[in-house]
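Here's the structure we're looking at; comments come further down.
The values are calculated or read from the model by the stated rules, or taken from the named source; none is laboratory data. Everything numeric in this text was worked out from a predicted model, so none of it was measured. Counting neighbours? That spans all protein chains shown, and the Cβs are built from the backbone with ideal geometry, glycine included.
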Amino acid sequence: MEFEMGPQATALREQLRELVGTQMPADFLGAFTDDPADLDAAQRFCRLLAEQGLLCAAWPEEFGGRASSVWEQTVVREEMWAHHEPRGAQYMGVNWVGPIIMRHGTPEQQRTHLPPIANGEVIWCQGFSEPESGSDLASLRTHARRAEDGSDGWLISGQKIWTSYATMAQWCFLLARTSRGERKQQGLTIFLVRMDDPAIQVRPIRAMLGPHHLNEVFFDDLRVSEADVLGTVDQGWSIVQDVMSFERVGIARYARCERLLAAAPKVLGARWDELPAELHGRWARMLTHCRRARLMAYRVVAMQAGGRVNPGDAAAYRIAVTKLDQESAEVLMEIAAVLPEDSGDAAAGYFRAEVEDHWRYSQASTVSSGSIEMQRILLSRTLLAAAKAS
């Protein structure tokens, strides 16, 4: 089954592949390696995309986009993830921080935050998960209390964990408790806070994903104002649900899986026919699962374009694509294992490195951005609610 988006999308895909091929290092495996040059390359590439109106292509022109279709933005998303995300950490601002501020932000917040994102000038991090409330996000303990000095300020204290890019981010999309309600989802508020405040401390967490990815973040009476509140005080959970729907479809994991799987026969050459028939069968099954995940992603994109957000559909996609990530990584590792490490073949060496990088990232895919168990619970609740309504 093919999913053609029309000639404009095809031309855009070819343009993006040419830009990646000519502007990024041939051995690029992501922006957050031990080599600072990789991050510098990603930042330059972001500015290049912004200059050509491609970084936030589907955004309205008033916010720095070029009012392209959501399908053209989907092409950008797919090609970036397929090629190890040469936008670096910018995808967070592009995929969901910006769209959420468009939906829920004040005009002043939109003027402050959207142009820097569209220009590739700012990095955001997400202050959601906490040490004892990772999957159960609504049980968080970070709290914000009204300042007692007569100002309109808030004081935020608490701890976040697994915060990607916190060491380099200028802004944080922070969720904190502002009151207690009958349900734990009540009384939560979103704050948009600067990361250079001395009341914020960041401690990196060493991991096999490389530097910059995972961090602890501590807030010690961080002072913010009413102007930093996104949406309505105590009503942040509805925004969180929007965030999750955008975030879960925003990373086109299937695109990288499909590109690596499709490249395997060419890279292996004559060795491909020597692989066990069982491995050939699993490889073909993974390609089928790539197409399934792509179709599920397109369903969510179409719904978002129509102004609807269905958490159940987003959860179903998330389950499928994260399982694909891990299962395809295992198949690819077995395939790449037949390539000699010292063959002198640059293409084979790069393919092995790509597959190993893909495998490392896949290990956390069923936990990050909401565990697969929580996605199944969310999907089940959505299906039960629909059954009762009918």
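Looking only at the stretch 182-204, count every residue that is closer than 22 Å to H104 by Cα and out of contact with any Phe, Trp or Tyr (no Cβ under 8 Å at 6 or more places or on another chain) and tell me the total.
Here is the first cut: in the stretch 182-204, the residues closer than 22 Å to H104 by Cα are 184-195.
Filter once more, so that each one left must be out of contact with any Phe, Trp or Tyr (no Cβ under 8 Å at 6 or more places or on another chain): 184, 187, 189.
Number of matching residues: 3.
Report the residue count in the stretch 327-348 for those that are part of a loop (DSSP other than H, G, I, E, B) and either more than 27 Å from A364 (Cβ to Cβ) or outside the structural domain of W283 (by TED's automatic domain parsing) (or both).
So the count comes out to 5.
When the residues of the stretch 299-338 are filtered to those that are within 17 Å of M244 (Cα to Cα) and of a type in the set (K, R), which remaining residue is modelled with the lowest pLDDT?
R308
Can you tell me which residue among T33, T22, T74, T10 is assigned to a helix (DSSP H, G or I) and either within 30 Å of G349 (Cβ to Cβ) or in contact with a strand residue (DSSP E or B) (Cβ under 6 Å, 6 or more places away or on another chain) (or both)?
Checking each option against the conditions leaves just T22.
Whether any residue in the stretch 285-308 is farther than 30 Å from I100 by Cβ and under 19 Å from the mean Cα position of the chain (by Cα) is what I want to check.
No: zero hits.
Considering only the stretch 87-122, state which residues are at negative phi, modelled with pLDDT under 95 and in a loop (DSSP other than H, G, I, E, B).
Scanning the stretch 87-122 gives R87, A89, N119, E121, V122.
Taking K388, is it basic (K, R) and either touching a His at 6+ places or on another chain (Cβ under 9 Å) or part of a loop (DSSP other than H, G, I, E, B) (or both)?
The answer is no for K388.
Would you say V338 is within 30 Å of W71 (Cβ to Cβ), out of contact with any Ser or Thr (no Cβ under 9 Å at 6 or more places or on another chain) and touching a residue at least 60 places away in the same chain (Cβ under 8 Å)?
No; evaluated as a whole, the condition is false for this residue.
Report yes if some residue within the stretch 28-46 is modelled with pLDDT of 95 or more, farther than 27 Å from L175 by Cβ and in contact with an Asp or Glu (Cβ under 8 Å, 6 or more places away or on another chain); otherwise report no.
Looking for residues that are modelled with pLDDT of 95 or more, farther than 27 Å from L175 by Cβ and in contact with an Asp or Glu (Cβ under 8 Å, 6 or more places away or on another chain), one finds none in the stretch 28-46, hence no.
Is there a residue in the stretch 177-189 that is touching a residue at least 24 places away in the same chain (Cβ under 8 Å) and either under 21 Å from the mean Cα position of the chain (by Cα) or farther than 21 Å from S238 by Cβ (or both)?
Scanning the stretch 177-189, I find no residue that is touching a residue at least 24 places away in the same chain (Cβ under 8 Å) and either under 21 Å from the mean Cα position of the chain (by Cα) or farther than 21 Å from S238 by Cβ (or both), so the answer is no.
Going by the structure shown, is R294 basic (K, R), out of contact with any Phe, Trp or Tyr (no Cβ under 7 Å at 6 or more places or on another chain) and part of a helix (DSSP H, G or I)?
In short, no.
Could you list, in sequence order, the residues of the stretch 36-71 that are free of Cβ contacts under 8 Å to residues at least 24 places away in the same chain and either outside any loop (DSSP other than H, G, I, E, B) or in contact with a strand residue (DSSP E or B) (Cβ under 8 Å, 6 or more places away or on another chain) (or both)?
P36, A37, D38, D40, R44, E51, E61, E62
Tell me, which residue of the stretch 131-156 that is closer than 22 Å to A364 by Cβ and hydrophobic (A, V, I, L, M, F, W, C) is surrounded by the fewest Cβ atoms within 10 Å (Cβ to Cβ)?
So the residue we want is A138.
Does any residue in the stretch 271-295 that is surrounded by 14 or more Cβ atoms within 10 Å (Cβ to Cβ) come within less than 8 Å, Cβ to Cβ, of a residue that is hydroxyl-bearing (S, T, Y) six or more places away or on a different chain, and which pairs are these?
These pairs meet every condition: M286/S328; H289/S328; C290/Y254; C290/S328; A293/Y254; A293/Y317; R294/Y254.
Quick check on my filter: what residues within the stretch 275-284 are more than 30 Å from the chain's Cα centre (by Cα) and either under 13 Å from A262 (Cα atoms) or part of a helix (DSSP H, G or I) (or both)?
Residues of the stretch 275-284 more than 30 Å from the chain's Cα centre (by Cα): 275-281.
Hits for the stretch 275-284 are A277, E278, L279, H280, G281.
Looking only at strands (runs of 3 or more DSSP E) that lie completely in the stretch 131-249, which have at least 1 residues being within 24 Å of W81 (Cα to Cα)?
171-177, 215-224
Which of the residues belonging to the stretch 303-313 are touching a helix residue (DSSP H, G or I) at 6+ places or on another chain (Cβ under 6 Å) and more than 13 Å from R381 (Cα to Cα)?
Listed by number, the residues that qualify are A305, V309.
Restricting attention to the stretch 106-128, which residues are out of contact with any Cys (no Cβ under 8 Å at 6 or more places or on another chain) and either within 15 Å of W59 (Cα to Cα) or aliphatic (A, V, I, L, M) (or both)?
From the stretch 106-128, those out of contact with any Cys (no Cβ under 8 Å at 6 or more places or on another chain) are 106-116, 119, 121-123, 128; that's our starting set.
Passing the criteria: Q110, R111, H113, L114, P115, P116, N119, V122, I123.
Of all residues in the stretch 97-117, how many are over 13 Å from L230 (Cα atoms) and crowded, with 23+ Cβ neighbours inside 10 Å?
2
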